[in-house]
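Below is one structure; the comments refer to it alone.
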6 protein chains.
Amino acid sequence: MIYITRKEHFNAAHRLYRSDYSDARNLEVFGKCSNPNWHGHNYELFVTVKGNVDPETGFLINLKTLSSIINTFVLDRLDHKNINLEVDFMSGRLASTENLAIAIWEQLESPVREAGAALHSVKLYETERNFVEYFGN
Amino acid sequence: MIYITRKEHFNAAHRLYRSDYSDARNLEVFGKCSNPNWHGHNYELFVTVKGNVDPETGFLINLKTLSSIINTFVLDRLDHKNINLEVDFMSGRLASTENLAIAIWEQLESPVREAGAALHSVKLYETERNFVEYFGN
Amino acid sequence: MIYITRKEHFNAAHRLYRSDYSDARNLEVFGKCSNPNWHGHNYELFVTVKGNVDPETGFLINLKTLSSIINTFVLDRLDHKNINLEVDFMSGRLASTENLAIAIWEQLESPVREAGAALHSVKLYETERNFVEYFGN
Amino acid sequence: MIYITRKEHFNAAHRLYRSDYSDARNLEVFGKCSNPNWHGHNYELFVTVKGNVDPETGFLINLKTLSSIINTFVLDRLDHKNINLEVDFMSGRLASTENLAIAIWEQLESPVREAGAALHSVKLYETERNFVEYFGN
Amino acid sequence: MIYITRKEHFNAAHRLYRSDYSDARNLEVFGKCSNPNWHGHNYELFVTVKGNVDPETGFLINLKTLSSIINTFVLDRLDHKNINLEVDFMSGRLASTENLAIAIWEQLESPVREAGAALHSVKLYETERNFVEYFGN
Amino acid sequence: MIYITRKEHFNAAHRLYRSDYSDARNLEVFGKCSNPNWHGHNYELFVTVKGNVDPETGFLINLKTLSSIINTFVLDRLDHKNINLEVDFMSGRLASTENLAIAIWEQLESPVREAGAALHSVKLYETERNFVEYFGN
């Protein structure tokens, strides 16, 4: 069993708030992140897959294949988007880093399996000092 | 003459577009950055000041003073904001990294001078791979 | 189960030595780190907590809460201090990175639990090339 | 149980190809990495060992010992070398990052054990965006 | 006048040696870098251009244009190549970082000017700890 | 004219204070940095030299030579030392980053010239967010 990780990034706008909270309550819970006019981040995404090395190629998975999966299922839908308004797989979910990491896992699990590997973890940096890791439930 | 640099950061949303361009023309010139629903960045800001070392303190400028100036005149007005809608010193300007670096210079030049140093440069990273430097005109 | 990490830093002085060793023996075992006049580091600290996402906020833990815990229980007692002389929770312990990581874990475990999460790991960089991780015993 | 990691680096040339593949097939599977004239990388290597803290020294393992083991068993044989042509422990293996990480583990496992610790993982960056981790089988 | 920088990277193999030196002399002057079987690097390239901001777009130069120039004139000819054997603009030159930075400048100066900006500097990292800067002669 | 930079690092303890200030005044001016029990840093040092490329070697200066100069004249005297107590070239000077950068310049200027290059700048990071540059007077 070996693990290989691909680092990608995307830029997006978001806002943390609940429509059933007052503005004051949103500000209290979510701070500056509740700004109604949005703010944004350069997200860094680390996708780790695991499996056995193919003795013919020396690869666990061809990184071009892995990168292509991440682009198709995640980056094309998130990069330069508004997470609250434009990302179908985040619809109805609070746009927290935790929820975004879980949703990215859900997009990647099947296509990674179909490519012959197993998804091990999704690690998502919102800023250089804050990141979330999800390993499936 | 010695130079000292303070690195700060802020997160913001923005959009590159001209209201006198059609949507198609905005997309052609500004690409994904013209998304009407905004996107955002973790901006990294390097402010460099120059001057002589005070023989009594060994400092060119007390970094607490410099950091306080940057916070008051720049970060408090930019962090977690929408650059197009909420930042007074960017009003009427295209929200490009170039224009933002020049506008940050304009906010900092006087207060740095009043603190006894001279502003040397503003260096602004929009992403890890793109940055702008401005040294005044 | 999800994991969230907060990166913090502090600067401190320390020295590696045993009072029951001769100077020569201290130098042999601890090298330049045994310098009686101290040396110091910019320590980087990564604190990882785990738990479930609160469906109301989308948070595992509010990062302001986590950062506040780390500041109160660790950074305020370590930053710009002499680890051998001034840090009560290191009293009587060799000031190695290993012992420091374990002691930081001990300071954080209870307050993180009281905040509704579980401490998962403490990762402590002494230099860019050396770091220790502790996951509890 | 505590974990300590040492980061090292080396520069090397390599090529991904199979002599039983045609040039066209090599290009299809391995892309630009199959270039017959070689290419190379600045590899970053993170070696993690685990064990108990020695109460006398406060160390899991003396980092000078660990660094010396990595230099003797890995770096002296890899740094500024051609992985396909000059590295005995890669003889007969495809020079992929996966195979290289596994081979590095095999070189380090015994000497780390003889030094009183246990090898936990080998993490090898081929580029800033691609890395492999191996924890033994 | 404003400055904008684009960071790119490429991987390549090379060797430092002179055919009119003996092997012993090559080893003495160039050390491990003279290995006849090659070694390689992940080069980081920072290209800085300068000029005025276009008031219509807010850009000094469209970064897609700059990136395209760097790809066409430099990266496509260097990435995953052997600098000594396969890079026409390095033919007859020692493959040192100094000479490579100068040669990259020569490839970029005209196309950057034709795109309406002026090339300011080429900064080339061979390793994280060694880099060269060239500003033209 | 070309510029080459070598990055080195050292760890040291220091304290900012004036013996002719009261403790309260030291605290007011120098903050936590005036702690009588010292604190310390992982300093990053970038030394840039300039000159012409030697057509025979392709080098401005052999980096082994430059690294050796920095080690002999700076690092051996600073690494794992107390800057206030043990570093002769800082004797009688406040241990600020500004003064340290100037003093490092003074140590390096002659030996770099004797090695056939010209010292261009000394850049010294005290923390990741604060650094000083000195280009001579």
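The values are calculated or read from the model by the stated rules, or taken from the named source; none is laboratory data. Remember, it's a predicted structure, so these values are computed and weren't measured experimentally. A quick note on method: Cβ atoms are made from the backbone with ideal geometry, for glycine too, and the neighbour counts reach across all protein chains shown. When the accessible area is computed, the model is the full protein with side chains, heavy atoms only, and any ligands, DNA or RNA have been set aside. Shrake-Rupley method; radii C 1.70, N 1.55, O 1.52, S 1.80 Å.
Within region D:9-29, work out how many residues are out of contact with any Cys (no Cβ under 6 Å at 6 or more places or on another chain) and within 15 Å of E:A13 (Cβ to Cβ). Counting residues in region D:9-29 that are out of contact with any Cys (no Cβ under 6 Å at 6 or more places or on another chain) and within 15 Å of E:A13 (Cβ to Cβ) gives 7.
Cβ-Cβ distance below 8 Å, separation of 6 or more or different chains: which pairs start in region E:1-17 with a residue that is of a type in the set (D, E, K, R) and end on one that is part of a loop (DSSP other than H, G, I, E, B)? These pairs meet every condition: E:R6/B:R129; E:K7/B:E128; E:K7/B:R129; E:E8/B:R129; E:R15/E:N35; E:R15/E:P36; E:R15/E:W38; E:R15/E:A95. All of (1) open to solvent by less than 40 Å² (accessible area, probe 1.4 Å); (2) in contact with a Gly (Cβ under 8 Å, 6 or more places away or on another chain) hold for C:S34 with one exception: (2).
Taking A:G40 as the residue in question, decide whether it is open to solvent by less than 10 Å² (accessible area, probe 1.4 Å), among the small types (G, A, S) and closer than 23 Å to D:E133 by Cα. Answer is no for this residue. When restricted to residues that are in contact with a strand residue (DSSP E or B) (Cβ under 6 Å, 6 or more places away or on another chain) and among the hydrophobic types (A, V, I, L, M, F, W, C), region E:65-86 contains 5. Would you mind stating whether E:V49 is in contact with a His (Cβ under 9 Å, 6 or more places away or on another chain), outside any helix (DSSP H, G or I) and either within 14 Å of chain D (Cβ to nearest Cβ) or buried (at least 21 other Cβ atoms within 10 Å of the Cβ) (or both)? Criteria met by E:V49. The set of residues from region B:83-102 being within 13 Å of the chain's Cα centre (by Cα) and within 22 Å of E:Y3 (Cα to Cα) comprises B:I83, B:F89, B:M90, B:A95, B:S96, B:T97, B:E98, B:N99, B:L100, B:A101, B:I102. When residues in region C:108-124 are screened for being within 14 Å of C:L75 (Cα to Cα) and under 9 Å from the mean Cα position of the chain (by Cα), 2 of them pass. Free of Cβ contacts under 8 Å to residues at least 60 places away in the same chain, facing another protein chain (nearest Cβ under 10 Å) and either over 23 Å from C:V49 (Cβ atoms) or charged (D, E, K, R) (or both) - does that describe any residue in region A:113-126? No, region A:113-126 contains no residue that is free of Cβ contacts under 8 Å to residues at least 60 places away in the same chain, facing another protein chain (nearest Cβ under 10 Å) and either over 23 Å from C:V49 (Cβ atoms) or charged (D, E, K, R) (or both).
Yes/no per residue for (1) within 14 Å of chain A (Cβ to nearest Cβ); (2) within 20 Å of B:M1 (Cα to Cα):
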| site | (1), (2) |
| --- | --- |
| B:H14 | yes, no |
| B:Y21 | no, no |
| B:L63 | no, yes |
| B:K81 | yes, no |
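Only helices (runs of 4 or more DSSP H) whose full extent lies in region A:52-137 are considered here, and the ones with at least 2 residues that are open to solvent by 10 Å² or more (accessible area, probe 1.4 Å), over 18 Å from A:C33 (Cα atoms) and modelled with pLDDT of 95 or more are A:63-70, A:97-114.
For region E:1-31: of the residues being over 18 Å from the mean Cα position of the chain (by Cα) and acidic (D, E), which is least open to solvent (accessible area, probe 1.4 Å)? Out of the qualifying residues, it is E:D20. Checking each residue in region D:84-101 for being within 15 Å of D:E44 (Cα to Cα) and either hydrophobic (A, V, I, L, M, F, W, C) or within 14 Å of chain C (Cβ to nearest Cβ) (or both) picks out D:L100, D:A101.
One residue stands out among those in region B:32-60 that are small (G, A, S) and under 24 Å from B:V74 (Cβ atoms): the one that is nearest to the chain's Cα centre (by Cα), which is B:G40.
When we screen A:R77, A:R6 for residues that are more than 11 Å from chain B (Cβ to nearest Cβ), within 24 Å of B:A12 (Cβ to Cβ) and of a type in the set (K, R), the only hit is A:R77.
Would you be able to say whether some residue in region D:38-58 is among the small types (G, A, S) and touching a residue at least 24 places away in the same chain (Cβ under 8 Å)? Yes, there is a match, as at least one residue in region D:38-58 is among the small types (G, A, S) and touching a residue at least 24 places away in the same chain (Cβ under 8 Å).
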